[in-house]
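K.L.:
Have a look at the structure that comes next, please.
The values are calculated or read from the model by the stated rules, or taken from the named source; none is laboratory data. Everything numeric in this text was worked out from a predicted model, so none of it was measured. FYI the Cβ positions are ideal-geometry reconstructions off the backbone, even for glycines, and counts take in every protein chain you see. Please note that ligands, DNA and RNA were not included when accessible areas were found on the heavy atoms of the full protein model with its side chains. Shrake-Rupley method; radii C 1.70, N 1.55, O 1.52, S 1.80 Å.
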Amino acid sequence: KYFKNFSLSYVNFFAMVIIAILFSFDAFSKVSNGELRQITKQFTNKHHPECKVLFRTSGSWTQVKGDVMVCSNRLISSFDRELNKLYQQVMERYEIFPKKKNRIKKVQRKWIKYRDKKCIYIDKLDDSGFMKPKCHAMHLALSTWYLKRLNSIQFDEQGLPTINNVIKEYSQRVKNS
């Protein structure tokens, strides 16, 4: 009886250690498309509640007559302003780490090219085009998520390697998506 309880407690202990190790890796902290939709919805609810009509309950944008262009332009414009403020905060915060700051700046420039490539439709016949609002909002949410994450990491011996991992993850996300 004692041996059985003793063995069971070791099994439970090792199971908990393995779970703790698995969930401590940065791989489990990558942002999902569902989280990006949620960020976009939360931003809309907070800053432009009149534009909630852009979303169905599933989280995707719905076509609502007349309101789509007005709301999407309003939403994108203000989301972009907020992202720029966040970017400036991150740049100021990372002033003490010039190499990390430079890497963040590079990945943000890479993100801009990536966003434009994915979200601008160009008609090849007359070179006219337009920004796809849902795509633009999702990419603004992506950059917001990574910049908030970078802004929240502590500058200590555990945080500094995490910063490098987040920058790498962000760079891979805009390269591979």
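K.L.:
I'd like to verify a number: residues in the range 116-129 that are at pLDDT 85 or above and open to solvent by less than 60 Å² (accessible area, probe 1.4 Å), how many?
P.N.:
Summing the residues that are at pLDDT 85 or above and open to solvent by less than 60 Å² (accessible area, probe 1.4 Å) in the range 116-129 gives 2.
K.L.:
If Lys105 meets every condition in (1) open to solvent by 40 Å² or more (accessible area, probe 1.4 Å); (2) modelled with pLDDT under 95 apart from one, which number is that one?
P.N.:
Only one criterion is unmet by Lys105, namely (2).
K.L.:
For the range 120-143, name all the residues that are over 14 Å from Leu83 (Cβ atoms) and not charged (D, E, K, R).
P.N.:
Ile120, Tyr121, Ile122, Leu125, Ser128, Gly129, Phe130, Met131, Pro133, Cys135
K.L.:
Scan the range 159-177 residue by residue and report those that are at pLDDT 90 or above and surrounded by fewer than 16 Cβ atoms within 10 Å (Cβ to Cβ).
P.N.:
Gly159, Leu160, Pro161, Asn164, Asn165, Lys168, Gln172
K.L.:
Looking at the range 130-157 only, could you name the residues that are more than 19 Å from Thr44 (Cα to Cα), open to solvent by 50 Å² or more (accessible area, probe 1.4 Å) and either modelled with pLDDT under 90 or part of a helix (DSSP H, G or I) (or both)?
P.N.:
Phe130, Ser152
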